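The values are calculated or read from the model by the stated rules, or taken from the named source; none is laboratory data. Worth saying up front: this structure is predicted, and the values here are computed from it rather than measured. Because the Cβ atoms are built from the backbone with ideal geometry, glycine has one as well, and the counts that use them run over all protein chains shown. Note: areas computed on protein heavy atoms with side chains; ligands, DNA, RNA excluded. Shrake-Rupley method; radii C 1.70, N 1.55, O 1.52, S 1.80 Å.
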Amino acid sequence: MSVARNALLRASKSPWLARQMTQRAFARRAVRKFMPGEKLSDALDAAARLAPQRIGTIITRLGETLTGERNTAEVRDHYLLALGEVAAKTLPTQLSVKPTQLGLDTSAKQCAAEMGALAERAEATGNFLWIDMEDSSYVERTLDLFETLRAHHTKVGVCLQAYLFRTPKDLERLLPLKPAIRLVKGAYAEPASVAFRAKRDTDAQYVSLGESLLDASARGNAFPVFGTHDMNIVNRLVGRATSMQLDATHYEVHMLYGIRSADQRALAERGTGVRCLISYGDNWFPWYMRRLAERPANVWFVVKSAFA
Ligand SMILES: Cc1cc2nc3c(=O)[nH]c(=O)nc-3n(C[C@H](O)[C@H](O)[C@H](O)COP(=O)(O)OP(=O)(O)OC[C@H]3O[C@@H](n4cnc5c(N)ncnc54)[C@H](O)[C@@H]3O)c2cc1C
């Protein structure tokens, strides 16, 4: 892991820096590159702008390990309202939620109940609920949560991270459930005992997991989503799907708002299912630092905003 990436990921955990940054106008300006605004309506307006370009969307309200600041019932009710608005506006917009926003830190049982309420409403409104994957200390509990939800709901999927050594076994564990899996590289600072340090190793594991998911999809046993901006990997996996004669309804590519937008449009124009994950909310600091860590060159954008 590069020194810059490590430093930015460490900084993402500083409450002092979070307070400083979220109050500064230049930082709020810089964050707009990756986030259309702090309100739900900002995210839905952005979703409505992308829909005519055949780019579907996923929305997520930022905030993690919020217990004590915001209670889980408030978070659940906010997302229920969001599902209602999406249905009323007939947007092609799904939902993605971090388990710690719904209390995974304090009670796995309560978290499952709150997520269950969202999965139920998603199903009833023809929507889909994605469960984000947070740092490695949450993986086991998040997989348990997914298994519990999947037993009762079909419209729910979970994220797996290619940088973790354990992920091939996790995929094997989930495949009997015919799961929807969003495969990502992984965004957290993880110790060398659990995750690859070198990008090439993560990339190799991503491709191998992606190929397994496509094979499972061809047998009707999985719905793979490739959550990456790495166009070498996207082209390789989409190429493999095409050579397997797997039609485009059997997998999707998901990217983040503001990153590789031209590639998102080009993929959609070629008929690949594309969704863009739009974040909103006032608790954006740790998430934003992870975006900077993914590409430390983005820090210059923040510096430029400070002097704009
Ligand atoms: C839809 C979606 C959902 C995600 N959900 C999760 C999750 O639940 N848990 C989790 O741990 N991680 C999640 N991530 C983040 C993911 O783990 C990676 O940290 C992130 O996607 C960057 O890796 P990459 O696959 O794009 O590949 P990289 O090799 O990091 O990047 C490939 C190329 O994409 C571009 N790029 C990547 N990131 C940026 C950036 N921030 N700014 C500008 N350009 C950039 C650059 O051109 C780079 O060369 C998600 C990502 C996506 C797209």
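Within segment 190-211, count every residue that is under 14 Å from residue 5 (Cα atoms), within 11 Å of the ligand (Cβ to nearest atom) and open to solvent by 30 Å² or more (accessible area, probe 1.4 Å). Number of matching residues: 1. The single condition among (1) polar (S, T, N, Q); (2) modelled with pLDDT of 95 or more; (3) within 13 Å of the ligand (Cβ to nearest atom) that residue 101 does not meet is (2).
Conditions (1) in contact with a Pro (Cβ under 6 Å, 6 or more places away or on another chain); (2) more than 23 Å from residue 139 (Cα to Cα); (3) within 14 Å of the ligand (Cβ to nearest atom), marked per residue:
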position	(1), (2), (3)
49	no, yes, no
54	no, yes, no
79	no, no, no
90	no, yes, no
93	no, yes, yes
112	no, no, no
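For segment 156-172, the criterion of a residue being more than 9 Å from the ligand (Cβ to nearest atom), out of contact with any Gly (no Cβ under 7 Å at 6 or more places or on another chain) and closer than 19 Å to residue 295 by Cα is satisfied by no position. A Cβ distance below 7 Å, combined with a sequence gap of six or more or placement on separate chains, defines the contacts here; from segment 27-53, residues that are outside any helix (DSSP H, G or I) reach residues that are at pLDDT below 95 and open to solvent by 50 Å² or more (accessible area, probe 1.4 Å) in the pairs 33/301; 38/282.
With respect to (1) over 28 Å from residue 12 (Cα atoms); (2) in contact (Cβ under 8 Å) with a residue 24 or more places away in the chain; (3) among the hydroxyl-bearing types (Ser, Thr, Tyr), the lone exception for residue 90 is condition (2).
Quick one: which helices (runs of 4 or more DSSP H) sit completely within segment 222-304 and have at least 3 residues that are open to solvent by 20 Å² or more (accessible area, probe 1.4 Å) and either within 9 Å of the ligand (Cβ to nearest atom) or modelled with pLDDT of 95 or more (or both)?
Working: elements: 231-243, 261-269, 285-294.
Fully inside segment 222-304 and qualifying: 231-243, 261-269.
Scanning segment 1-47 for residues that are more than 16 Å from residue 280 (Cβ to Cβ), at pLDDT 80 or above and of a type in the set (Ser, Thr, Tyr) yields one hit, 14.
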